[in-house]
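**Student:** Please see the structure below; I have some questions.
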Amino acid sequence: MSIHRLLASISVFFTLLLISCATTGNTGFSSSPTHGVTVFQPDRPIPYPVDVPESFEFAILNGTRSADGASGSNYWQNYAVYSLHAEIDPTTHTLFGSGKVVYQNNSPDNLDLIVFELAQNLHKAGTPKMDITEITGGIHLSRVAVNGTDLEETTMRARWIQGGSGYIVEGTQLYILPDEALESGDEMEFEFEWSFLIPERGASGRMGRSRDNLYFIAYWYPHVSVYDDVHGWFYDSFLGNAEFYHGFADYDLTVTMPAEWLVMGTGEFLNPEETLSSPTLQRYIDAGQSDEPVIIADFDELEDATIESENGKLTWKFRSDKVRDVAFSATLESRWEGARTPVGDLTGNGEIDFTRINTYFRETAPLWFNQTDYAQHSITFLSDYMQFPYPWPHMTSVEGAEIIGGGMEFPMMTIIGDYNSVGAVRLYGVTAHELAHMWFPMIISTNERRYTWIDEGYTTFHTNKANIDYFGEERFNEMDVFRGYFQIAGTELEGEIMRWSDFHYPGMAYGVASYPKPASVLYALRFVLGEETFRKAHHEFINRWAYKHPYPWDIFNTFEDVSGMDLSWFWRAWYYETWVLDQSIAAVYEQDNNTVIVIEDLGFVPMPVKLEITFEDETSIRKTLDVEYWLSGQTTREVVLETDKKITRVQIDPDRILPDVDYSNNTWEQ
């Protein structure tokens, strides 16, 4: 059902009769309002339908999206094919880059402006920033060409006065103005040459260099921006906080480094025999067939890990298809481990497929001796839980202490801190988190800069699932996600989940609205739908939007379509407001030989009520009261229990699976 449908009118007064399944005694209970009145004034806000932008509504009208949450018959995406080369001079920490981009305009529009992102310009003086940032000068463009013709840098004013082609650099955006528009169905070729000083903690700790023995390079090349069916060009500035919105592309990547450095990057490693020494190459081959970690190059073997070169340099080659981005690492003193891990039936031939696991870490990171195992478990578990096998030839983890404290994800690559100060459990958790990002947003390519909650919220949810599977329910449960949300839930510090990510209040609002709260809300949604329907809708959304660009309303519409439920109230209450869930047992008393249970809903979020009633003989019954009563504006509900058995305990949410901000009032005991 569409999320645009208004809530059906709900009767203020109604009676619910529930029959128990207790082992002894005749037990049943009904509920009714506490007071009969002739004029009803709601005691709480009644959720109204969500706001859907006109641009999204137009996409539905144009047939690129559909009201049931799937992409439409007219859905399109523009596409790019990159050939990129990078060379790093370790003596100056300078990256020299060159590249060619063939951009395919699959949209119905003729494009007289092409937008690229220059994320490294976050490190240029004068560009907008959300926090203190190392100034390195940003990207220096030495060549920009369109279809073989070099362009000159210009300004918008000069373009208005003089006309003609050119390019404009404004903050982290590069605007290219070609002589002729890129017509629908055509392609255009761009060529670039550039360089930049590699920052120590680049892009807010998402890339950089450490101790003269490690580079992790990302956000390093002119990256064509997304032109989509909802908003057209995406050119929100990169401020160093909220992340990215990238389209899919094919990449040929080559990296040139001094011969003693080990390099790994996004894509299939094409030339191991041209870069690795014979012993290292054999171990690399063995690791690809091993379920147990294989040391490909140990700390005392690194000087002999690569082949010799006449000019003292080696070029490493990688190839990837249909990915959002490419990143690479270069290590000088890091141990290299490898193994394989199963991902499920990727090719559909009925056989189990595998991917490579690579691990690079320095001797100062002792917890990383278990990292290969952590990555193996994460990729295998997540492939199974998503019901979508990990699709790429490798997953590589790089220890990057001093560049980053937590972790950051890129297709097939992640950089993670050493975690020496917080322990192995946390290292597993961040590994599962970064690897879960391979699905959200690397496959389901969302707009992280505006809706960080989609990729981070889903990933936090999936991380908790992986933690529970690895460590057991004795160590992890749903409450581990809720605690982060509860820190500011319902206070003036909290911001709405749907608030654009870079526009949150200073402090904890961005983090809570992006990570623990949306993950907590997924648990609440699972409770409303039931485990089976929730998993079915979750997998349907992944399958519908794999290698595409979903918006929040595609998620909402998909869950409504699969469940057959109007969930307008749920989206409004949880995603658009900072309301909280706070259900309580206000009283339990005897009346007319019956037991009356008084439930008060102290928060504004309406949710079904799951009750557990325990009797003196230690038997118990569980019943769920639907949400409709609260949607009428009521805040108090009486449940009349007809039984000859004495009640000793009444509890709301006995399994603690909902993000209720105050569990202390959920239980009444005799």
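Taken together, the values in this text are just the output of simple stated rules run on the coordinates, not laboratory data. Keep in mind the model is a prediction, meaning the values are calculated, not measured. No Cβ is skipped: glycine too gets one built from the backbone with ideal geometry, and neighbour counts run over all protein chains shown.
**Student:** Roughly speaking, what is the stretch gain from residue 421 to residue 125, that is 0.36 nm per residue apart minus the C-alpha to C-alpha distance, in nm to one decimal?
**Tutor:** Extra length from residue 421 to residue 125 when fully extended: 103.2 nm.
**Student:** Quick one, what does Rg over Rh come out to for segment 370-419 if you take C-alpha atoms and the Kirkwood Rh?
**Tutor:** Ratio of gyration radius to Kirkwood radius: 1.00.
**Student:** In segment 452-576, with Lys and Arg counted as +1 and Asp and Glu as -1 at Cβ, which of these residues, 495, 523, 545, has the Cα nearest the positive end of the dipole, that is, farthest along it?
**Tutor:** Of 495, 523, 545, it is 545.
**Student:** Defining a contact as two alpha carbons under 8 Å apart and six or more residues distant in sequence, what relative contact order in percent does the chain show?
**Tutor:** Once normalised by length, the contact order is 15 percent.
**Student:** Rg and Dmax in Å for segment 559-608, alpha carbons only: what are they?
**Tutor:** Reported Rg and Dmax, both Å: 15.7, 45.
**Student:** Oh, and also: Loop only per DSSP, at most 16 neighbouring Cβ atoms within 10 Å: give me the GluC sites (Glu not before Pro) in segment 582-670, ordered by residue number.
**Tutor:** Sites meeting the loop and neighbour criteria: 616, 618.
**Student:** Okay, moving on. If all Cα-Cα distances of segment 249-438 are sorted into 10 Å bins from 0 onward, what percent lands in each bin, rounded to whole numbers?
**Tutor:** 10, 38, 38, 13, 1
**Student:** Let me ask something else about it. Work out the length of the dipole vector of segment 249-438 about its Cα centre, built from +1 on the beta-carbon of each Lys and Arg and -1 on the beta-carbon of each Asp and Glu, and round it to the nearest 20 debye.
**Tutor:** The dipole of segment 249-438 has a size of about 540 debye.
**Student:** Pop a pseudo-label 7 angstrom from the Cα along the beta-carbon direction at both residue 387 and residue 89 and give the gap in nm to one decimal.
**Tutor:** Result: 5.5 nm between the two label points.
**Student:** So how do 135, 217, 114 line up by other beta-carbon neighbours within 10 Å, fewest first?
**Tutor:** Starting with the residue having the fewest Cβ neighbours, the order is 135, 114, 217.
**Student:** Report the charge-dipole magnitude of segment 65-205 in Debye, nearest 20, computed about the Cα centre from +1 at each Lys and Arg Cβ and -1 at each Asp and Glu Cβ.
**Tutor:** Its charge dipole is roughly 440 debye.
**Student:** Right, next: Size of the chain along its principal axes in angstrom, Cα-based, largest extent first?
**Tutor:** So the extents along the principal axes, rounded to whole Å, are 97, 64, 50.
**Student:** Using 0.36 nm per residue, how much length does the chain from residue 547 to residue 475 gain when fully extended, once their Cα-Cα distance is taken away?
**Tutor:** Extra length available between residue 547 and residue 475 comes to 22.4 nm.
**Student:** Quick one: putting +1 on the C-beta of Lys and Arg, -1 on the C-beta of Asp and Glu, what dipole do you get for the chain around its Cα centre, in Debye to the nearest 20?
**Tutor:** Dipole of the chain, to the nearest 20 debye: 960 debye.
**Student:** OK, next. Hey, fewest Cβ within 10 Å first, where do 481, 661 land in order?
**Tutor:** 661, 481
**Student:** While we're here: Considering only DSSP states other than H, G, I, E and B, which GluC sites (Glu not before Pro) in segment 244-319 qualify as loop sites with at most 13 other Cβ atoms within 10 Å?
**Tutor:** 308, 310
**Student:** Next question, about the same structure. Using a ≥ b ≥ c from the Cα gyration tensor of segment 289-333 (square roots of the eigenvalues), is it rounded, prolate or oblate, where a/c under 1.5 gives rounded and otherwise the larger of a/b and b/c decides, a/b for prolate?
**Tutor:** Oblate shape, in that a/c is at least 1.5 and b/c is the bigger or equal ratio.
**Student:** Please compute, over every Cα-Cα pair in segment 452-576, the percentage with a separation greater than 17 angstrom.
**Tutor:** 58 percent
**Student:** Next question, about the same structure. Please give the contour-minus-distance gain from residue 74 to residue 617: 0.36 nm per residue of separation, less the Cα-Cα distance, rounded to one decimal in nm.
**Tutor:** Length gained between residue 74 and residue 617: 189.2 nm.
**Student:** For the chain, what is the number of Lys pairs with C-alpha distance below 23 angstrom, counting only pairs 8 or more positions apart or on separate chains?
**Tutor:** The number of close lysine pairs in the chain is 16.
**Student:** Is it possible to state the helix-based mean residue ellipticity at 222 nm for the chain, with each DSSP H run of 4+ residues giving -39500 (n - 2.57), the sum divided by total residues, to the nearest 500 deg cm²/dmol? What is it?
**Tutor:** One gets -6000 deg cm²/dmol as the mean residue ellipticity at 222 nm.
**Student:** To check my understanding: the extent here is largest minus smallest coordinate of the Cα atoms along each principal axis. What are those three numbers for segment 359-486, in Å, largest first?
**Tutor:** 36, 34, 28
**Student:** A follow-up question, please. Give the residue from 214, 195, 96 lying farthest towards the positive end of the charge dipole for segment 94-247; charges sit on Cβ (+1 for Lys and Arg, -1 for Asp and Glu) and the dipole is referred to the Cα centre.
**Tutor:** 214
**Student:** Moving on. Sorting 514, 278, 568, 309 on the 10 Å Cβ count, fewest up front, what's the list?
**Tutor:** 278, 309, 568, 514
**Student:** Another question, if that's okay. Between residue 113 and residue 295, what is the label-point separation in nm under the 7 Å Cα-to-beta-carbon projection?
**Tutor:** According to this spin-label approximation, the distance is 5.7 nm.
**Student:** Are there trypsin sites (Lys or Arg not before Pro) in segment 325-360 that DSSP marks as loop and that have at most 11 other Cβ atoms within 10 Å, and which are they?
**Tutor:** Sites meeting the loop and neighbour criteria: none at all.
**Student:** A further question follows. In angstroms, what radius of gyration and Dmax does segment 94-247 have, counting Cα atoms only?
**Tutor:** For segment 94-247, the Cα-based Rg and Dmax read 15.9, 50 Å.
**Student:** Using a cut-off of 12 Å between beta-carbons, work out the net charge of the residues near residue 596 (Lys and Arg +1, Asp and Glu -1, residue 596 not included).
**Tutor:** Every neighbour counted, the sum reads -3.
**Student:** OK, next. Among 461, 257, 445, which residue has its Cα positioned farthest towards the positive end of the charge dipole of the chain, with +1 placed on the Cβ of Lys and Arg, -1 on the Cβ of Asp and Glu, and the dipole taken about the Cα centre?
**Tutor:** Farthest towards the positive end: 461.
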